[in-house]
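Below: the structure, in structure tokens.
The values are calculated or read from the model by the stated rules, or taken from the named source; none is laboratory data. What you are looking at is a predicted structure, and each value in this text was computed from that prediction instead of being measured. Quick reminder, even Gly has a Cβ in these numbers, built from the backbone with ideal geometry, and neighbours come from all protein chains shown.
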Amino acid sequence: MNFNRCSLGRTLSANWFEPIRISFTLFMMTAHAAHAAHADDSAADIHVNGFGNLTAAFHDQPGARFINNLGSFIDDQVGYHYDSKAGFQVNWVVNDRLNLVMQSLTATDVQSSIDTDIKNLYLQYLVSDQLSLRVGRFITPLYKFSEQQYVTFSQPWVRPPVELYPSASDFDFSDGVWLKYRLNSRQYTEWEFFVSQLRQDESDISFEAQPILGTILNRSDGALAYRLMVARAPIDFDLPGGDQLEAILNVPSAERRYYADSIQWFYNVGIQYQHYPWSIVVDAIYQDTDNYVYARSLSTNVTLSYQAERVTPYLSWSNRHNYNLAEENGLQGAASLLANQLIENRKTNQTTLAVGARWGINEYFALKAQLDFIEFTPGHRGDFDRVMDNAQVTSLSLEWFF
Amino acid sequence: MALYATKHAKVKSAAWIFCWLVFGCSSSAHSESLDPIVMVSSTNSNLKVTSHEHVRQLYLGLRRTDSNNLLVTQWSRKEQEIREEFYRVCCNLGPVEFRAYWSKQVFTGASRPPKALSLDELVMQLVDDPTSIGFVRRSELNDEPRLRDLELDFHPIDG
């Protein structure tokens, strides 16, 4: 049994029928709303956009793998499948107040085969200039860059810092309602609230998070912008034999609690200061849990960039620190092995210092190069599949947006 | 000790590469006109845009209305020099960062970038639609009696 996020990503995949069902429902709702609005003197407007990147990467540690949540990896040979992806979006602007957004993402999964997910499929209604409402599927906005984490064209890095953002996941979207309210003030101040649910089923394994409740405060005043977010996600995770394993682990002698069902809390602080040509971004995420099956972690990134005419050099520091790593000494035999294996799997503390540059070739293409110097806490493997001291990842990426 | 030395060397390498890149890029500095950029609408327009921050929010898609809650359409310029200078002085964004910013807005379903027009097209558009705003150079405004100065000037910035 392995409860960590890596195994969840590998074992489960989206229910193929679900996107079709949601698409159809939203399409019918939109058609109905458009009809009810009598077109409001504006013709329907459809925008088709795409984004993507082709990224080559390798590292300097022979035989080791730098692995992501879906099992794609970078090794010591030049490879393309870890980061490369393509996105496609259709935005149907029904009228001034109503639009329908559908966005798909195609990337390689654990078997290095092509996998396409619907990441966004929502109806957006502008109730007023201050208030907007989204209903449907969206990338759960837990972190500062969650919503656009796959749109690497919008970011300085080749890939968002892996300490904070897994490069691909089946668990980053959910279905629900998202409300945004902009306060009337000189500064840009927006309050957001979302409630959503995520359900993934495959054969006899099921994962459910509901209701995911979150609230966000965004504020910007000229050069300074910040974001504060808190969210709560109760997780209901069922797998064969799970109850028996929980019974073995949760005995009175155990020092801690081990339950697959858990309440996860997410806290995010994001700060951006821009004073042309300099820009600095700070993003910190604290993930809390009520038991010892999952990680309690703090992830941080600081990125400094300089906007030259066509080239943006950047320097980035990121760190991930998992806290609940103390050995379990209250269990015996197989139970002890199992509990300590869970803890061992969480030994992924690492620090990355990245330096790179983005060159805007033209309006549609950008070329990026990045060097990651990764240091591991002694005894930790970071995002690699084995314990080592340090590693260096080299990446070159061609990105596009149209 | 050896581990510390390795770590220190890598930090030093990254810092050197970054400084070298910044130094190399900063030498290709942009040129900016001394002629300021001014915000304009039609002389028939009643739009009330009150501050530079208000303009910034409109052009970054963070806001859609004027101070009286009238829906505003904002237009950009096809001419590269004034367009890039405007986004630098108004939004603190270089041309590459500006495209990056809008790629984020588009793919989060938030809003779409202002459409770009030539000076002649812009004048026609503003005259036809009193809820529109745009930007021109001060010298261009002096030649055009159909445009109203919103009295929000953007001057070249140091750097």
Among residues of the range A:194-211 being of a type outside the set (Gly, Ala, Ser) and in contact with a Gly (Cβ under 7 Å, 6 or more places away or on another chain), the residue surrounded by the most Cβ atoms within 10 Å (Cβ to Cβ) is A:PHE194
Against the conditions (1) buried (at least 20 other Cβ atoms within 10 Å of the Cβ); (2) outside any helix (DSSP H, G or I); (3) more than 8 Å from every other protein chain (Cβ to nearest Cβ), where does B:GLU85 fall short? Just the number, please. (2)
I'd like to know if the range B:41-60 contains one or more residues that are of a type in the set (S, T, N, Q) and closer than 14 Å to A:ASP129 by Cα. yes
Looking at (1) touching a strand residue (DSSP E or B) at 6+ places or on another chain (Cβ under 6 Å); (2) buried (at least 18 other Cβ atoms within 10 Å of the Cβ), which is the one condition that is false for A:GLN274? (1)
State all residues of the range B:65-91 that are under 29 Å from A:SER128 (Cβ atoms) and in contact (Cβ under 8 Å) with a residue 24 or more places away in the chain; if no residue qualifies, say none. B:LEU70, B:LEU71, B:VAL72, B:THR73, B:GLN74, B:TRP75, B:SER76, B:PHE86, B:TYR87, B:CYS90, B:CYS91
When the residues of the range B:124-159 are filtered to those that are more than 19 Å from the chain's Cα centre (by Cα) and β-branched (Val, Ile, Thr), which remaining residue is nearest to the other protein chains (Cβ to nearest Cβ)? B:THR131
By residue number, the members of the range B:50-67 that are aliphatic (A, V, I, L, M) and either more than 17 Å from B:VAL89 (Cα to Cα) or within 9 Å of chain A (Cβ to nearest Cβ) (or both) are B:LEU60, B:LEU62
Considering the range A:286-309, residues that are among the β-branched types (Val, Ile, Thr) and at pLDDT 95 or above, and then whichever is nearest to the chain's Cα centre (by Cα), we arrive at A:THR300
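Scan A:THR189, A:THR140, A:THR152 and give me the residue that is touching a strand residue (DSSP E or B) at 6+ places or on another chain (Cβ under 8 Å) and surrounded by fewer than 21 Cβ atoms within 10 Å (Cβ to Cβ). Before the answer, list the steps.
Working: A:THR140 fails: surrounded by fewer than 21 Cβ atoms within 10 Å (Cβ to Cβ); A:THR152 fails: surrounded by fewer than 21 Cβ atoms within 10 Å (Cβ to Cβ).
Result of the check over A:THR189, A:THR140, A:THR152: A:THR189.
Report, by residue number, each residue of the range A:209-232 that is of a type in the set (A, V, I, L, M, F, W, C) and modelled with pLDDT of 90 or more. Lay out the reasoning, then the answer.
We begin by selecting, within the range A:209-232, every residue of a type in the set (A, V, I, L, M, F, W, C); these are A:209, A:212-213, A:216-217, A:223-225, A:228-231.
Selection gives A:ALA209, A:ILE212, A:LEU213, A:ILE216, A:LEU217, A:LEU224, A:ALA225, A:LEU228, A:MET229, A:VAL230, A:ALA231.
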Selected residue (only one of A:PHE58, A:PHE88 is touching a strand residue (DSSP E or B) at 6+ places or on another chain (Cβ under 7 Å), within 14 Å of another protein chain (Cβ to nearest Cβ) and not basic (Lys, Arg)): A:PHE88
Residue that is within 30 Å of A:TRP317 (Cβ to Cβ) and either part of a strand (DSSP E or B) or free of Cβ contacts under 8 Å to residues at least 12 places away in the same chain (or both), where the choices are A:GLU163, A:GLU190: A:GLU190
